[in-house]
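J.: Below you'll find the structure I mean.
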C-alpha cells in the first residue's frame, strides 16, 4: 500500500509558515561583535601577503646553506624567485579586490566580477612568471624555486587557523 501524505510527514512541517528571521540594527551588530569577537574576527588579506613574504625570506635563508658558497648563492636567489612568483600575484589580487570595494558606482554583481577577474589575473600572472623565468630568466635551481613557491602558497592554509 502507498502511504498517505499525512503518514509520511505527520507534523506537516512544510505546510507551516516560514521561519522568521530577526534583522539586527547596526548598533545591535556592533554590540554583538564587541561581546564575542572570535565569531566576527576578520583577517586582512595584506597580512596573508605579508606572511608569504616572510615565508619567502625564511626559505631563502634556509636554502642559503646549500650550494658551494654559503650565503646569498644561486639556491637562495632561486628561492626568492619562487617566493616572488607566489606572493606577487597574490598582492595584485588583493589590490584588485580593494579597488572593487572602493568603487563608487557598485553594481550588485560588481564585486563578484572583481573576484573572478582578479583570480583570472592571478593565475595568468603566475603562469607568465613561471614561463618567463623558464625561457628568458637567468640560470635557476628549480628545486628551491618550486619548494619555496609551494611553501608560499601554503600560507593560505595557515591563515585559516589565524584569529585576531
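J.: Given a Förster distance of 35 angstrom, what is the FRET efficiency for residue 123 paired with residue 35, based on the Cβ-Cβ distance and rounded to 0.05?
T.: Working: r = 41 Å, r/R0 = 1.16.
So, using R0 = 35 Å, E works out to roughly 0.30.
J.: How big is the C-alpha Rg of region 125-164 next to the rule-of-thumb value 2.2 N^0.38 Å, as a ratio? Mind showing how you got there, number by number?
T.: Values: Rg = 13.6 Å, N = 40, 2.2 N^0.38 = 8.9 Å.
My calculation over the Cα atoms of region 125-164 gives 1.52.
J.: Shifting gears a bit: Given C-alpha coordinates of region 47-160, what is the ratio Rg to Rh with the Kirkwood estimate of Rh?
T.: 1.08
J.: Let me ask you something else. Quick check on region 16-95: take the gyration tensor over C-alpha atoms, sort the square-rooted eigenvalues as a ≥ b ≥ c, and tell me if it's rounded (a/c under 1.5), prolate or oblate. Intermediate results must be reported in sequence, preceding the final value.
T.: Details: a/c = 4.51, a/b = 3.51, b/c = 1.29.
Since a/c reaches 1.5 and a/b is larger than b/c, the shape of region 16-95 is classed as prolate.
J.: If r is the Cβ-Cβ distance from residue 44 to residue 105 and R0 is 30 Å, what FRET efficiency results, to the nearest 0.05?
T.: Values: r = 25 Å, r/R0 = 0.85.
So, using R0 = 30 Å, E works out to roughly 0.75.
J.: Just subtract the alpha-carbon distance of residue 147 and residue 25 from 0.36 nm times their residue separation and send over the number in nm, one decimal. Let's see the in-between values first.
T.: Values: separation 122, 0.36 × 122 = 43.92 nm, distance 4.84 nm.
Additional length available on full extension: 39.1 nm.
J.: Working only with C-alpha atoms, what are the Rg and Dmax values of region 53-112, expressed in angstrom?
T.: Over region 53-112's Cα set, Rg and Dmax evaluate to 18.0, 57 Å.
Readers should treat all values here as calculations from the given coordinates under stated rules, not as data from a laboratory. Keep in mind it's a predicted model, so treat the numbers as computed, not measured. For neighbour counting, all protein chains shown are included, and Cβ atoms are generated from backbone atoms with ideal geometry for every residue, glycine included.
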